Amino acid sequence: MDLKDKIRSIPDFPIKGVLFRDVTTLLKDPEGYHALIKTIANSLSDRKVDLVVGPEARGFVIGAALAYALNAGFVLARKPGKLPCETLKFEYGLEYGTDVLEIHKDAIQPGQKVVIVDDLLATGGTSLATIKLVEQAGGEVVGVRFAIELSSEFDGREMLKGYDVQSVLQY
């Protein structure tokens, strides 16, 4: 099965000149979704994973399924004000300003092996922020995984240099 056939491409979204790669069409396809999670899980078969961390929001959908497949726990990385207990925060730059991600302060214990997973690698900013949160908590990032990488348009992989980064689909 070619998973690229399951990705919808939408021209001029969210702004003119952008070709948006829509992972939701893959996620709604049972065989495609299963193949995506299995492919990512197989890329981690040689290591112990205690936790999977997924940034809001599509990282939740892929991350929770991956955590289940790996028999690992799942941690949500959320926008500010969404988690009810004490949090760790990391602010990161965007083209048009800044954003913040948070995790619960007690979500990751020192030394735990963590995989970060998201739907898309473009600039790498969200992923790097998630990595910094994991490391701030004392976790060890043993992999960073993506459904899609926009390697022809962006160089997000460069921002994540030094980490084990893999993506299932490249554009």
Efficiency of FRET between residue 113 and residue 15 - r from beta-carbon atoms, R0 45 angstrom, step 0.05: 0.70
Residue order, fewest to most surrounding Cβ atoms within 10 angstrom, among 47, 145: 47, 145
Contact order relative to length of region 46-170, as percent, for alpha carbon pairs under 8 angstrom and 6 or more apart: 24
Most fluctuating residue given options 98, 87, 130, as computed from a GNM of the chain linking Cα atoms under 10 Å: 98
For residue 151, residues with placed amide H under 5 Å, excluding near neighbours: 171
Set 28/113; 16/79; 6/132; 79/105; 82/132 screened for pairs whose C-alpha atoms are more than 25 Å apart: 28/113; 16/79; 6/132
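Bear in mind these aren't lab numbers, they're just calculated from the coordinates by the rules spelled out. In this text, all values refer to a predicted model and were calculated from it rather than measured experimentally. A quick note on method: Cβ atoms are made from the backbone with ideal geometry, for glycine too, and the neighbour counts reach across all protein chains shown.
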